[in-house]
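A quick write-up on the structure given underneath.
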């Protein structure tokens, strides 16, 4: 069962990645990328890393895509009309939405494919924490600083703009 | 199974690379970058399970965090460009200004 689920997730990811490339509208491209990211998290789950699957959904499919949509909305009016045209062919949009729903249904109906149903790595992720704060401590601290600096960059930009407007 | 993961990774990576190279909109290029990072993560997670190597999972966690920071900075620059009334189009950007 794991192999066929992997085929479905991989196939959908590749198809929607190709669609993302072909979309003229940025909204449609962002929605195609959203479907790809959800399928990548399904692959993570099947490969035995449910924690990374949920982080992929929260950080990528959630936070980053919201930022992308806000950036599209912040476009000037003339460009916004061009970006916002949602010409996505509705059958494909339906597939993009129904597939994650079907995967969730399979997950709940069969109490979830056993994490790591590809026969590997079911218990690996319990050792991520000790690794992050052991041999990878320097990298973890560096990434934490990077995230802090990127948030400060965003806040700094907003405050400068408010000063200009006053 | 491994062949399927590798082919998925290669296809996703090169579709992302095509988006970065072919599109002129900075936002579309950023979406291509996100796709390339996700493609590499797919292989890392699968091989981590195959070789029972939790360090690769820790590396994926760090990569996801770095990619989130990259998206924040990239989108901030795009909004900044628009605030200056300039088009977020890579062919219109010629010089680096402070």
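The values are calculated or read from the model by the stated rules, or taken from the named source; none is laboratory data. Just so we're clear, the structure is a prediction, and the values are computed from it rather than from any experiment. Using ideal geometry, Cβ is built from the backbone for each residue, glycine included, and neighbour counts are taken over all protein chains shown.
Taking the residues in region B:10-25 that are at the interface with chain A (Cβ under 9 Å from one of its Cβ atoms) and either in contact with a helix residue (DSSP H, G or I) (Cβ under 6 Å, 6 or more places away or on another chain) or within 19 Å of residue A:48 (Cα to Cα) (or both) as candidates, determine which candidate is surrounded by the most Cβ atoms within 10 Å (Cβ to Cβ).
Ranking the candidates gives B:12 first.
Being touching a residue at least 24 places away in the same chain (Cβ under 8 Å) and within 9 Å of another protein chain (Cβ to nearest Cβ) is the filter here; which residues of region B:78-92 pass it?
Within region B:78-92, B:78, B:88 qualify.
Sort out which residues of region A:106-134 are assigned to a helix (DSSP H, G or I), at pLDDT 75 or above and surrounded by fewer than 18 Cβ atoms within 10 Å (Cβ to Cβ), and write them in order of number.
A:126, A:127, A:129, A:130
To keep it simple, each residue is scored yes or no on (1) surrounded by 15 or more Cβ atoms within 10 Å (Cβ to Cβ); (2) modelled with pLDDT under 90; (3) under 30 Å from residue A:2 (Cα atoms); (4) within 9 Å of another protein chain (Cβ to nearest Cβ).
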| site | (1), (2), (3), (4) |
| --- | --- |
| B:2 | no, yes, yes, no |
| B:6 | no, no, yes, no |
| B:27 | yes, yes, no, yes |
| B:53 | yes, yes, yes, yes |
| B:64 | yes, no, yes, yes |
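Assess whether residue B:46 counts as being more than 9 Å from chain A (Cβ to nearest Cβ) and in a helix (DSSP H, G or I).
So residue B:46 does not fit the description; no.
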